[in-house]
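So the structure is just underneath, and the comments pick up after that.
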Amino acid sequence: MQIYFSPEIINPHYQVLNVVDSTNKAVGNVAILFEEKKLYVYGILEEEGVGSDFKDLVTPYLKGLSKATSGLDIFSCLYVGCKKINLNNEDEPK
């Protein structure tokens, strides 16, 4: 299943993005909060089978946001189903 971002709210302080499938059905969301040199990210996806797609969707988006502010620290908490996923290259918990 292919997934995409569908912006719900975007302003200079935060963003709320729906995650939708190819039929435009909401399957999750991502909230991003900007606070000076910090970026807080919380996201959840209902469908466990597309965890790697979710990670592949979120990672370049956050890299793009981080280019706008040098020295930005990113704090993330992302879940697929009930399992937490990591954006860096560390081993993910099983």
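Quick note: the coordinates plus some simple rules give every number you see, no bench work behind them. Quick caveat: nothing in here was measured; it's all calculated off a predicted structure. Methodologically, a virtual Cβ is constructed for each residue, glycine included, from the backbone with ideal geometry; neighbour enumeration extends over all protein chains shown.
Quick notes
- Considering only L45, Y4, F75, the residue lying farthest towards the positive end of the dipole of the chain is F75, judged by Cα position with unit charges set on Cβ.
- Gyration tensor verdict on the chain (Cα atoms; rounded if a/c is under 1.5, prolate if a/b is larger than b/c, oblate otherwise): oblate
- Taking every alpha-carbon pair under 8 Å whose residues sit at least 6 apart, the chain reaches a relative contact order of 21 percent.
- Computed over the chain, the per-residue total of -39500 (n - 2.57) for DSSP H runs of n ≥ 4 gives a 222 nm mean residue ellipticity of -6000 deg cm²/dmol, rounded to 500.
- Cα long-axis angle, helix 51-67 against the chain (0 to 90 degrees, to the nearest 10): 10 degrees
- Computed label-point distance, nm, for sites C77 and Y14 using a 7 Å Cα→Cβ extension: 1.3 nm
- Cα centre as origin, Lys/Arg/Asp/Glu Cβ charges: the chain dipole, Debye: 200 debye
- Share antiparallel - DSSP beta bridges, the chain, percent rounded to 5: 75 percent
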